[in-house]
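A short worksheet on the structure shown next.
The values are calculated or read from the model by the stated rules, or taken from the named source; none is laboratory data. Fair warning: this is a prediction, and the values are worked out from it, not measured in the lab. Don't worry about glycine lacking a Cβ; one is built from the backbone with ideal geometry, like all the others, and counts go over all protein chains shown. With ligands, DNA and RNA removed, areas are computed over all heavy atoms of the protein, side chains included. Shrake-Rupley method; radii C 1.70, N 1.55, O 1.52, S 1.80 Å.
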2 protein chains.
Amino acid sequence: MSQATITGELEGLGRRARVAARVIATSSSAARDSALLGAADLLEDRAGEVLAANATDLRRATDAGTPATVLDRLRLSEARIAGMADGLRQVAALSDPVGEVTDGWVRPNGLRVSRVRVPLGVVGIIYENRPNVTTDAAALCLKSGNAAFLRGSSAAISSNRAIAGLLREAAAKAGLPADSVILVGDTSREGAVAFMGLRGLIDCLIPRGGPSLVATVIESARVPVVIDGDGNCHVYVDAGADLDMAAVIIANAKCQRPSVCNAAETLLVHRAVAEEFLVRLPEILAGVELVGDEQTCSILAGGAAPATEDDWATEYLDLKLAVRVVSSITEAIDHVARYGTGHSEAIVTNDLSAAERWCNEVDAAAVLVNASTRFVDGEQLGLGAEIGISTQRLHARGPMGLRELTTLKYVIRGDGQVRP
Amino acid sequence: MSQATITGELEGLGRRARVAARVIATSSSAARDSALLGAADLLEDRAGEVLAANATDLRRATDAGTPATVLDRLRLSEARIAGMADGLRQVAALSDPVGEVTDGWVRPNGLRVSRVRVPLGVVGIIYENRPNVTTDAAALCLKSGNAAFLRGSSAAISSNRAIAGLLREAAAKAGLPADSVILVGDTSREGAVAFMGLRGLIDCLIPRGGPSLVATVIESARVPVVIDGDGNCHVYVDAGADLDMAAVIIANAKCQRPSVCNAAETLLVHRAVAEEFLVRLPEILAGVELVGDEQTCSILAGGAAPATEDDWATEYLDLKLAVRVVSSITEAIDHVARYGTGHSEAIVTNDLSAAERWCNEVDAAAVLVNASTRFVDGEQLGLGAEIGISTQRLHARGPMGLRELTTLKYVIRGDGQVRP
């Protein structure tokens with residue numbers, strides 16, 4: 001298809017999403033919950049259809065020589081489908097953010113001003129291979145009164161079509177427009193760029209994927225975007241730290257799930273406790289490859305290779321950790337300012353002024369005192385669910401839940417006031 | 001200069017702004033207020049310097065044959081400078097949004113979670129001819145702990161340089177970095193595009209200007225943007241309206257200041273009151289050119305020319321009004337959905353269910369009941385001051401005050417929690 005044809009088709013889909021968004025924005029919470037619960041039931045009742053579609057995707061991917069890790073992300077099973085259905089039910093059980101009055105006041109002239117949460121409108125999600133993003137993203141969009149405009153990868157297209165079909169069926173059964181969920185059928189690279197360019201048709205675009213997808217979005221998007229970016233997260237063990245607590249926290253932050261954005265990638269240790277703490281690392285972090293600055297290497301005597309400048313800036317997403325000794329909390333804060341990506345930054349300390357300085361001076365979506373970076377996650381923080389973790393500063397920062405899928409509307413009530 | 005040279009210079013300025021932003025973000029409210037008050041005094045004490053610089057701009061603009069209305073926007077006087085100084089003092093007197101705890105809760109595992117307002121960082125403002133935007137924008141940025149990265153027009157460059165110089169001097173006197181305010185010297189078109197592309201150096205870009213500037217920003221920006229867009233605002237006179245109140249409101253919304261974005265551009269009238277209300281228009285709106293649909297033209301018998309499709313979509317910003325008779329509130333809401341720009345939409349009615357439907361179903365930054373659209377303004381709504389009126393849905397919607405120049409940071413405090 002030519003670029004113009006692709007763009008034309010996408011615009012047509014976008015206009016349908018826009019029409020649906022107007023309807024779902026003022027629909028009842030009950031209707032939206034019913035759509036989510038209905039979709040959960042349909043997913044389980046008709047799991048066979050979804051698995052058959054998934055088998056098509058897997059066969060094509062296998063034939064194309066796709067690596068095993070990617071195949072794993074693509075693969076569905078009865079258990080994974082049950083997990084997706086449970087996810088839908090959990091989102092249905094959350095409270096509805098739409099209609100919440102965030103604040104209100106009365107002006108001297110008697111005008112009553114309030115601000116009310118309303119849906120964003122059409123939320124575009126562009127994502128990679130996991131078919132479960134189709135239900136996760138659609139559920140959060142529907143719950144918050146938005147139309148979900150989904151653009152998955154070519155590898156998962158059959159699975160996504162089957163899943164989106166069930167979501168649309170459930171929406172219609174609940175009296176909502178089927179177009180509350182629209183999956184883009186074109187999965188070409190040109191199509192992705194055209195999707196990101198649907199100004200006026202997508203109110204918010206959220207990429208869910210790796211650095212190359214994010215880079216393409218930054219370069220090509222002409223619609224408002226929330227970036228779910230990298231996490232080069234640090235744990236800083238202060239002079240005033242309880243070292244047993246520090247050991248538990250760094251082990252958890254690095255090893256509990258190394259492949260995710262809120263895992264720690266660099267350990268900073270105050271020189272006052274460096275000797276005592278670092279010699280424990282080989283035991284605390286058994287199986288983790290260590291690279292360090294000169295002092296670290298000398299303390300660990302062969303247990304760590306020298307770190308390069310690149311190491312400080314790298315999100316390993318693996319059992320590897322960069323370690324640096326700092327001479328003060330100021331040096332630690334400066335290191336984070338230089339190399340951090342503004343995601344999640346933890347200090348371990350019992351020193352109140354150090355904790356306060358960390359919280360005030362470290363610039364990140366989340367700062368933590370005496371807790372693992374792994375808590376920076378919508379579910380862990382109590383948001384109920386998350387559509388991503390924003391590393392940008394505009395609109396949403398940190399884990400994005402249902403509220404972050406809304407915007408505000410000023411409602412102003414008077415009795416004939418005019419401006420003098 | 002070549003594009004690469006321009007970009008290199010801008011990146012250098014952006015890095016300086018970034019360094020200053022880190023300092024001002026954690027500065028005391030007292031220091032920031034002192035900078036603003038000091039700048040107000042400097043502006044008045046050294047008004048002569050500013051007026052001399054302004055004379056240079058005016059001479060150049062006059063020689064280039066600039067129209068009188070543009071010259072007027074460019075022109076400063078003792079009175080206008082006093083107004084700018086007063087504006088600085090008013091912003092200093094507002095309460096500081098930085099550090100406000102917006103919400104907080106405790107997790108079952110004992111983690112204490114809170115969200116705190118922090119500055120956006122480096123706020124880029126790109127604007128047209130009015131030199132007072134230099135103080136207005138810088139004041140709101142400084143007050144909210146942001147570095148102001150300003151890019152004005154070539155026509156006002158001498159005035160802007162003089163004003164920015166005084167702001168920088170005042171910042172330094174208050175113990176803040178002079179680079180808390182940086183004015184871009186290059187005012188070429190290539191420079192504007194390069195400025196909008198400073199990804200990683202500008203945290204939020206706000207264009208203050210007309211449709212062509214906004215279009216360029218949408219096309220060229222690679223940084224997060226808040227769009228201060230058009231206002232094609234409607235007043236709908238419902239069947240249940242008090243027609244005397246409706247007369248006062250439409251006159252105010254159209255005529256009190258027709259050149260601004262919150263002025264009304266289209267009047268919708270329910271057919272039940274059309275005859276009675278429309279015959280009063282020539283008196284209510286004396287001096288306003290009217291265009292209307294067929295019914296309006298027939299009622300006004302020569303008092304209105306036929307409206308074209310374009311009229312419904314046009315922001316006149318002038319003493320001209322499009323008028324349409326609708327057969328129901330649904331038709332009025334549909335008209336607004338089709339032609340509105342999501343700015344400010346007013347209903348006049350005493351019918352409660354009509355008022356509720358309008359507030360719920362009309363999708364705009366602000367909906368009003370029985371009040372003039374002209375109230376949709378930061379100062380009128382009590383925000384103290386505004387840096388613009390956002391017509392986008394992400395981050396900020398409607399009048400943007402100091403809070404809209406901040407973002408949130410999660411602060412998470414524990415006593416050794418790790419994730420199971």
Run down A:LEU408, A:LEU317, A:LEU402 and say which single residue is aliphatic (A, V, I, L, M), more than 17 Å from A:LEU267 (Cβ to Cβ) and in contact with a Pro (Cβ under 9 Å, 6 or more places away or on another chain). A:LEU402
Failed item in (1) exposed (fewer than 15 other Cβ atoms within 10 Å of the Cβ); (2) in a helix (DSSP H, G or I), with A:GLY65 passing the rest: (2)
Against the condition farther than 21 Å from A:ILE412 by Cβ and either out of contact with any Asp or Glu (no Cβ under 7 Å at 6 or more places or on another chain) or of a type in the set (Gly, Ala, Ser) (or both), how does B:VAL248 come out, does it pass? no
Which listed residue is touching a Leu at 6+ places or on another chain (Cβ under 7 Å), without any contact (Cβ under 8 Å) to a residue 40 or more places away in the chain and not basic (Lys, Arg), from A:ALA194, A:ALA247, A:ALA251: A:ALA251
Taking segment A:351-365 on its own, how many of its residues are of a type outside the set (Val, Ile, Thr) and either assigned to a loop (DSSP other than H, G, I, E, B) or surrounded by fewer than 17 Cβ atoms within 10 Å (Cβ to Cβ) (or both)? 7
In segment A:68-77, which residue that is under 14 Å from A:SER158 (Cβ atoms) and part of a loop (DSSP other than H, G, I, E, B) is least open to solvent (accessible area, probe 1.4 Å)? A:LEU76
Looking only at strands (runs of 3 or more DSSP E) that lie completely in segment A:375-420, which have at least 2 residues being within 10 Å of chain B (Cβ to nearest Cβ) and surrounded by fewer than 22 Cβ atoms within 10 Å (Cβ to Cβ)? A:406-417
Condition check for A:ALA172: in contact (Cβ under 8 Å) with a residue 40 or more places away in the chain and aliphatic (A, V, I, L, M): no
Just for segment A:221-251: of the residues that are closer than 22 Å to A:CYS359 by Cα and β-branched (Val, Ile, Thr), which one is surrounded by the fewest Cβ atoms within 10 Å (Cβ to Cβ)? A:VAL248
In segment A:372-391, which residues are closer than 13 Å to A:HIS343 by Cα and charged (D, E, K, R)? A:ARG374, A:ASP377
Of the residues that make up segment A:300-320, is at least one away from chain B (no Cβ under 14 Å) and within 18 Å of A:ALA241 (Cβ to Cβ)? no
Across segment B:330-350, what is the number of residues that are farther than 17 Å from A:ALA25 by Cβ and either in a helix (DSSP H, G or I) or more than 30 Å from the chain's Cα centre (by Cα) (or both)? 5
Within segment B:325-339, track down each residue that is buried (at least 24 other Cβ atoms within 10 Å of the Cβ) and not β-branched (Val, Ile, Thr). B:ALA332
Residue under evaluation B:ILE218, criteria (1) open to solvent by less than 30 Å² (accessible area, probe 1.4 Å); (2) within 13 Å of another protein chain (Cβ to nearest Cβ); (3) at pLDDT below 95, criterion not met: (1)
Filtering segment A:180-206 for residues that are surrounded by 21 or more Cβ atoms within 10 Å (Cβ to Cβ) and in a helix (DSSP H, G or I) leaves a count of 5
Being open to solvent by less than 50 Å² (accessible area, probe 1.4 Å) and assigned to a strand (DSSP E or B) is the filter here; which residues of segment B:306-324 pass it? B:LYS320, B:LEU321, B:ALA322, B:VAL323
Of the listed residues (B:THR26, B:THR56), the one being more than 14 Å from chain A (Cβ to nearest Cβ) and among the β-branched types (Val, Ile, Thr) is B:THR56
